[in-house]
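A.B. asks: Here you go, one structure.
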Amino acid sequence: MFMITPQKTALITGITGQDGSYLAEFLLAKGYSVHGIMRRASTFNTGRIEQIYQDPHMSHRRLFLHYGDLSDASNLNQLIKTIKPIEIYNLGAQSHVKVSFEIPEFTSNVDALGTLRLLDAVRDSGVKTKIYQAGSSEMFGEALEKPQTEKTPFNPVSPYAAAKVFAHQMCKIYRDSYGMFICNGILFNHESERRGKTFVTRKITAGIAAILAGKQDKIFLGNLDAKRDWGYAPEYVKAMWLMLQKSKPDDYVIATGETHSIREFLDVAFGLVGKKNWKPFVSIDPAYYRPSEVDYLLGNAGKAKKQLGWRPKVKFKELVRIMMEADLRDAGLNPAQYLI
């Protein structure tokens, strides 16, 4: 059995992901007891949160993991009634845009209906809690204005984005109809050394490290001209928490206000290891093109800056360096010998 601290108890879906792991660390440092939902798989996928169990301050004593799934309403109901969290962060999702075209039904079941199941579980439980819903800049799709704000109309062009729009709208409906405290965070791309290696930024930095280590020859990519607003994930999870500390729920865009292409990311990443000409190491594979591409995303986080006091500190080039340094270490290389 797990102990429950009624004052500061948080529940995180998707705790083993990039954002979930950083958020767990952040909340534990603030004195919360943190409960996380993780899917049962044939292999353990807790690598991103293992460092918590090595914490000399014993914060792992306040971390509790539960098997569960956003496709299982009964499980969600039971967990919420038992844990009685004061805050819930819904980060669980099938979050890969390209994959969502291949498994649209699963993506919709988890990302869209999974959110609805969570909302109903909270409503049925009678537990008074604040909910954070993880939205995405992909909801803007072929954006109808630049930059994108909380008032920009959604125009999704992928199953992932459409599922996230459904979740976003249901959160607003439940907030308005039932008086629930629900905040939608519309987060633009945010990366880190914990980003999954199937995502383009980490694919590049991990690929460069593998090339330098003699473990691979090329990096295979798709559209290099797509532009994204890239920030640093640990800063973005703080924004999630700040939203739930307000007296009234609202929706917020979280972004850096800068956009860079994948070509620029390649320029900076390869430049950091002294290779200005990256073309011999990169091949374009049509398999990595999406059936429908989003070419340009740029966020305006003015509302978050004004109302939450949130500002991004890590700039684009620093973000790439952080990721490059970590992947060199992972490849068994000394960053000091390779980074310029």
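A.B. asks: List the residue pairs whose Cβ atoms are under 8 Å apart, where the first residue sits in the stretch 315-332 and is closer than 10 Å to residue 208 by Cβ and of a type in the set (Asp, Glu), the second is part of a helix (DSSP H, G or I) and open to solvent by less than 10 Å² (accessible area, probe 1.4 Å), and the two are 6 or more positions apart or on different chains.
C.D. replies: Every condition considered, the pairs that remain are 327/205; 327/208; 327/209.
A.B. asks: Name every residue in the stretch 312-332 that is of a type in the set (A, V, I, L, M, F, W, C), open to solvent by 10 Å² or more (accessible area, probe 1.4 Å) and over 18 Å from residue 229 (Cβ atoms), in order of residue number.
C.D. replies: Scanning the stretch 312-332 gives 326, 331.
A.B. asks: Could you tell me whether any residue of the stretch 171-186 is open to solvent by less than 10 Å² (accessible area, probe 1.4 Å) and closer than 12 Å to residue 324 by Cβ?
C.D. replies: No.
A.B. asks: Residue under question is residue 304, and the condition is that it be of a type in the set (A, V, I, L, M, F, W, C), closer than 20 Å to residue 236 by Cβ and not in a strand (DSSP E or B); does it hold?
C.D. replies: Details: of a type in the set (A, V, I, L, M, F, W, C): yes; closer than 20 Å to residue 236 by Cβ: yes; not in a strand (DSSP E or B): yes.
Judged against the criteria, residue 304 is a match.
A.B. asks: Return the residues of the stretch 196-232 that are basic (Lys, Arg), touching a residue at least 24 places away in the same chain (Cβ under 8 Å) and over 25 Å from residue 166 (Cβ atoms); say none if nothing qualifies. Write out each step before concluding.
C.D. replies: Going residue by residue through the stretch 196-232, those that are basic (Lys, Arg) are 197, 202-203, 215, 218, 227-228.
Okay, now just the ones that are also touching a residue at least 24 places away in the same chain (Cβ under 8 Å), so 202, 215, 218, 227-228.
Once the filter is applied, which keeps residues that are basic (Lys, Arg), touching a residue at least 24 places away in the same chain (Cβ under 8 Å) and over 25 Å from residue 166 (Cβ atoms), the stretch 196-232 yields 202, 215, 218, 227.
A.B. asks: Looking at 292, 283, 247, which one is modelled with pLDDT under 95 and not aromatic (Phe, Trp, Tyr)?
C.D. replies: Going through 292, 283, 247 in turn, just one is modelled with pLDDT under 95 and not aromatic (Phe, Trp, Tyr): 292.
A.B. asks: Which condition from (1) within 17 Å of the chain's Cα centre (by Cα); (2) assigned to a helix (DSSP H, G or I) is the one that residue 171 breaks?
C.D. replies: The single condition residue 171 does not satisfy is (1).
A.B. asks: Could you list, in sequence order, all residues of the stretch 115-139 that are buried (at least 20 other Cβ atoms within 10 Å of the Cβ) and out of contact with any helix residue (DSSP H, G or I) (no Cβ under 8 Å at 6 or more places or on another chain)?
C.D. replies: Once the filter is applied, which keeps residues that are buried (at least 20 other Cβ atoms within 10 Å of the Cβ) and out of contact with any helix residue (DSSP H, G or I) (no Cβ under 8 Å at 6 or more places or on another chain), the stretch 115-139 yields only 137.
The values are calculated or read from the model by the stated rules, or taken from the named source; none is laboratory data. All values derive from a computational prediction rather than experimental measurement. Cβ coordinates were reconstructed from backbone atoms using ideal geometry, including for glycine residues, and neighbour counts include every protein chain displayed. With ligands, DNA and RNA removed, areas are computed over all heavy atoms of the protein, side chains included. Shrake-Rupley method; radii C 1.70, N 1.55, O 1.52, S 1.80 Å.
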